[in-house]
Amino acid sequence: MEAVDTEACTSPTAGYRAWFQCINGCAGEYSLKEIIYRCPKCGNLLEVRHDLERLRQHSSMYWKDLFDRRFLRTEWPHGSSVWGKREMVCPDVEDENVVSTLEGGSNLFWAERLGKEIGVPDLWIKQCGNSHTGSFKDLGMTVLVSMVRQMRSEGQMIPAVACASTGDTSAALAAYCAVADIQSIVFLPKNKVSTAQLIQPIAHGALTLSLDTDFDGCMALVQEICSRNHIYLANSMNSLRIEGQKTISIELVQQFDWEVPDWIIIPGGNLGNVSALGKGFLLMQDLGMIDKLPQIVCAQAERANPLYQSYLNDFKDFQPVQAQPTLASAIQIGNPVSVQKAIRILQTFDGIVEQASEDELANAAARGDRTGLFNCPHTGVALAALFKLADRGVIGAKDRVVVISTAHGLKFTDFKINYHESQLQDVESRHANLPVELPADYTQVEDAIFRALKM
């Protein structure tokens, strides 16, 4: 087995190289330290490219062994499951400029009971909400804010970092900027994020702008503000975030002892997570670390489903929609920034796009909760898609399936309470479970227990 040269691999100056390049292949490479988000030639998004020849100088077993040695250890910054894979993520950041909360390493939960109920016993939930700010957005934000810190250390004048958000992105940006002592600015659609999500950027000292518009309106404004004022943009059109988020793919395969599941189901709104997921698998395939690709399912809320509509037409065209209010508020996006990247990934991975109604997503989340999960509504969208595909026989009984749970259910307690009180519009709460109110009387308490247990 090839020996692991730890010193060479931990140094960001060890010859590993990455750069921005147009997703359409236009000529030109741009430094990761350049403030640029779109191709100056065609206007499409950029993506981060890596020097694969340099990475291929080591064998696939070398990388697997290195990543296993680093996984969740205390050596800075490799205890982070993102920075433990730094050569394939962002080699430009010096150790002293890494901004990390030891993100990643979230548990891959065997959903044995739920899997048996639906006839898919090899069902797993990647619980990305078990993280510092309660969502998978931490994985990308550590890379982006670290790069900003690196750029500022080299003399670039970046007064603040800003994002538009439906909740989770703003929480992650505010937390990581607070760690780095960098001012954050968040643009939120008024009355469209949960209280738990709203309080996070406020608590971390972000300039929090509550705007009377939807996410797409916030996104248009933040892009204009950033472009005119040298403020750094933190939304997923900035491909640095994708580099951190792609480590979900590497990490979950690592947790399966480097075996690839058959299916991965992920909720999709702005669609950066779909493109990140695929990018991680393609990189592993390019380096010989895996020998097959999973099928990817993107699950959308029926009330914000432009990708689903395009999928029905074999992706021949894409039309933005006016997103309608949905319980899955974080994916209430009608004009996703990363749609071209996501479509390419889905085509490469023989992907499927499914949708879920409000009733389906709420009851899917609650059904999962009854088996020991505690799902956010967006995970409910993914679970609803799983149930549909299992019912149709698209996903089989012998398939290994991973559902990406993008945020923690504790961020959405109002959603949970209203479900069990049957207060959600257009939802029949089939798994409601209300407290039984009784006097402090032994006989009545015992009676209620026996009735519940059918004794």
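Remarks
- Acute angle (nearest 10 degrees) that the helix 377-391 long axis makes with the longest principal axis of the chain, alpha-carbon atoms: 80 degrees
- Placing unit charges on the Cβ atoms only, positive for Lys and Arg and negative for Asp and Glu, gives the chain a dipole magnitude near 500 debye about its Cα centre.
- Seen against the Cα atoms of the chain and their longest principal axis, helix 339-348 is set at about 80 degrees.
- The lysines whose alpha-carbon is closer than 19 Å to the alpha-carbon of Lys190, local same-chain residues fewer than 8 away aside, are Lys411.
- Relative contact order (%) - the chain, alpha-carbon pairs under 8 angstrom, separation at least six: 15 percent
- Over 27 Å between alpha carbons, listed pairs Lys33/Lys279; Lys192/Lys279; Lys41/Lys292; Lys64/Lys137: Lys192/Lys279; Lys41/Lys292
- An oblate overall shape is assigned to the range 133-232, the ratio a/c of its alpha-carbon gyration tensor axes (a ≥ b ≥ c) being 1.5 or greater and a/b not exceeding b/c.
- One compactness figure for the chain is 0.98, namely its Cα radius of gyration divided by 2.2 N^0.38 Å.
- Cα-based shape type of the range 206-364, given that a ≥ b ≥ c are square roots of the gyration tensor eigenvalues and the cut on a/c is 1.5: oblate
- Net charge, Phe374 excluded, C-beta distance under 11 Å - Lys, Arg +1, Asp, Glu -1: +2
- The GluC sites (Glu not before Pro) found in the range 395-452 that occupy coil by DSSP, while having at most 12 further C-beta atoms within 10 Å, are Glu421, Glu428, Glu437.
- Of the trypsin sites (Lys or Arg not before Pro) found in the range 328-425, the ones in coil according to DSSP and having at most 10 other Cβ atoms within 10 Å of their Cβ are Arg392, Lys398.
- Theoretical ellipticity at 222 nm over the chain - DSSP helices of four or more residues, -39500 (n - 2.57) apiece, nearest 500: -11500 deg cm²/dmol
- Spin-label zone in the range 413-428 - amide nitrogen under 15 Å from a point set 7 Å from the Cα of Phe374 along the C-beta vector: 413-417
- Summing charges over all other residues whose Cβ lies under 11 Å from the Cβ of Asp181, with Lys and Arg as +1 and Asp and Glu as -1, gives +2.
- Only aspartates and glutamates eight or more places from Lys341 in sequence, or on another chain, were considered; those with a Cα closer than 13 Å are Glu47.
- The range 282-366 shape via C-alpha gyration tensor axes, a/c threshold 1.5: prolate
- Taking other residues whose beta carbon is less than 14 angstrom from the beta carbon of Val427, and scoring Lys, Arg as +1 and Asp, Glu as -1, yields -4.
Each reported figure results from applying straightforward, stated rules to the coordinates on display, with no laboratory input. Everything quoted here is computed from the prediction, not taken from an experiment. Here Cβ is always computed from backbone atoms with ideal geometry, including for glycine, and neighbour counts include all displayed protein chains.
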